[in-house]
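Notes follow once the structure below has been shown.
The values are calculated or read from the model by the stated rules, or taken from the named source; none is laboratory data. Small disclaimer: the values here were computed from a predicted structure and weren't measured. Note: ideal-geometry Cβ built from the backbone for every residue, glycine included; neighbour counts use all protein chains shown. These accessible areas exclude ligands, DNA and RNA; they are computed on the full protein's heavy atoms, side chains included. Shrake-Rupley method; radii C 1.70, N 1.55, O 1.52, S 1.80 Å.
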2 protein chains.
Amino acid sequence: MPLTEERLNATFTALADPTRRAIVGRLARGDATVNELAAPFAMTLPGISKHLKVLERCGLISRSRHAQFRPCHLERAALDAALEWIEEHRRVWDKRFDKLDAHLRDIQTDQRGGR
Amino acid sequence: MPLTEERLNATFTALADPTRRAIVGRLARGDATVNELAAPFAMTLPGISKHLKVLERCGLISRSRHAQFRPCHLERAALDAALEWIEEHRRVWDKRFDKLDAHLRDIQTDQRGGR
DNA sequence: GGGTTAGTTAGCTGTCAAGTTATATAATGT
DNA sequence: ACATTATATAACTTGACAGCTAACTAACCC
């Protein structure tokens, strides 16, 4: 999965589901097996398995294997990518208001200086 | 639209589409009319109109009216809500490693002190 | 009022995603 | 070899969503 648009699509799609957000929340506190992750939810295991695949496809989690277990691990980098997108656009937004402020100061200065 | 799970679902869903992200990107630089927003895309106006409705439903944009125009305005607060969710889980994650570091320091200390 | 510009609503189609049950794989324990 | 535990895959149903075209509303201008 490249770092492109595609990936942002997949990451935000993954975060759009409350079950998957809860799974991410759980994994932030430490790795866990599929059954552990499934426990809190009123959902069949295949359902959880699908959600995990979605999270894996966008790079939000990775899975290793340990005997019959496939412990899931949160990948912080993918979370950062989504964060980065939002922050960038907030910066653009903020810059706009900085300019506006500057403009208002200019007007003020003109009024004091001129006339 | 309350500030709940529902809203996060809607916000992340909205951000999962590249057209909508581009629209948000455009609006970060300043308000714009529907036609202005549509211009860069190879898509019909009704398509754009739908995307705008999605963005509006989750509170990411608001619309006023000015003659025949319905200028769109980015609502920073909604963007912040999504950001906040991600940041919170990164904090949990980071705390985990702080603990791990502390633990490793403890071991180190024990080894130097003990025996 | 008639035409033009700006935008929305309705109805359709194709695709994709979420959940299910039933079945399969893979490693463990006896 | 056999049963158990942990997880994945397959096949299916249902519901949401992206895109289209066609038709509508609303404000403006002459």
Review point. Counting only protein heavy atoms and rolling a 1.4 Å probe, how much accessible area do B and A lose on contact, total for both sides, in Å² to 100?
Key: 3100
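Quick one: work out Rg over Rh on the C-alpha atoms of segment B:5-81, Rh as Kirkwood radius.
On the way: Rg = 11.7 Å, Rh = 12.4 Å.
Result: Rg/Rh = 0.94.
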Check your understanding: Do the sum for chain B: with -39,500 (n - 2.57) for every DSSP H run of n ≥ 4, divided by all residues, what is the mean residue ellipticity at 222 nm, to the nearest 500 deg cm²/dmol?
Key -> -22500 deg cm²/dmol
Exercise for review: Would you list, by chain and number, the lysines whose Cα falls below 27 Å from the Cα of residue B:53, excluding same-chain residues fewer than 8 positions away?
Suggested key: A:95
Check your understanding: Long-range amide H contacts for residue A:33: which residues qualify at under 5 Å (H placed 1.01 Å from N, peptide plane, sequence gap of 5 or more or a different chain)?
Key -> A:72
Review point. Nm distances between the label at residue B:62 and the same-position labels in the remaining copies, 7 Å along Cα→Cβ, shortest first?
Key: 4.4
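Using a 1.4 Å probe on the protein heavy atoms, what percent of the accessible area of the protein assembly as shown belongs to carbon and sulfur? Could the numbers behind the result be given before it?
Working: 7480 of 14000 Å².
Result for the protein assembly as shown: 53 percent of the exposed heavy-atom area is carbon or sulfur.
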Exercise for review: Put a label point 7 Å from Cα along the Cβ direction on residue A:34, then list its distances to the equivalent points in the other copies in nm, shortest first.
Suggested key: 4.7
Review point. Which distances, in nm and shortest first, link the residue B:100 label point to the same label point in every other copy, taking 7 Å along Cα→Cβ?
Key: 4.3
Exercise for review: Grab the alpha carbons of the protein assembly as shown, take their convex hull, and tell me the volume per residue in Å³.
Suggested key: 213
Point to revise | For segment A:35-47, 3J(HN,Hα) per residue [Karplus equation, 6.51 cos²θ - 1.76 cosθ + 1.60, θ = phi - 60°, Hz, x = Gly/Pro] | key: 5, 4, 5, 6, 2, x, 10, 8, 8, 5, 4, x, x
**Study point:** Of B:38, B:102, B:82, farthest towards positive along the dipole that unit charges on Lys, Arg, Asp, Glu beta carbons give chain B
**Key:** B:38
Practice item. Starting from the amide H of residue A:61, placed 1.01 Å from N in the peptide plane, find each other amide H under 5 Å away whose residue is 5 or more places distant or on another chain. Key: A:56, A:75
Exercise for review: About the Cα centre of segment B:1-107, how large is the charge dipole given +1 on each Lys and Arg Cβ and -1 on each Asp and Glu Cβ? Please answer in debye to the nearest 20.
Suggested key: 400
Study note, to complete from the structure: For segment A:72-87, in residue order, the Karplus 3J(HN,Hα) values (coefficients 6.51, -1.76, 1.60; θ = phi - 60°; whole Hz; Gly and Pro = x) are 9, 9, 6, 9, 4, 4, 5, 4, 4, 4, 5, 4, 4, 4, 4, 4
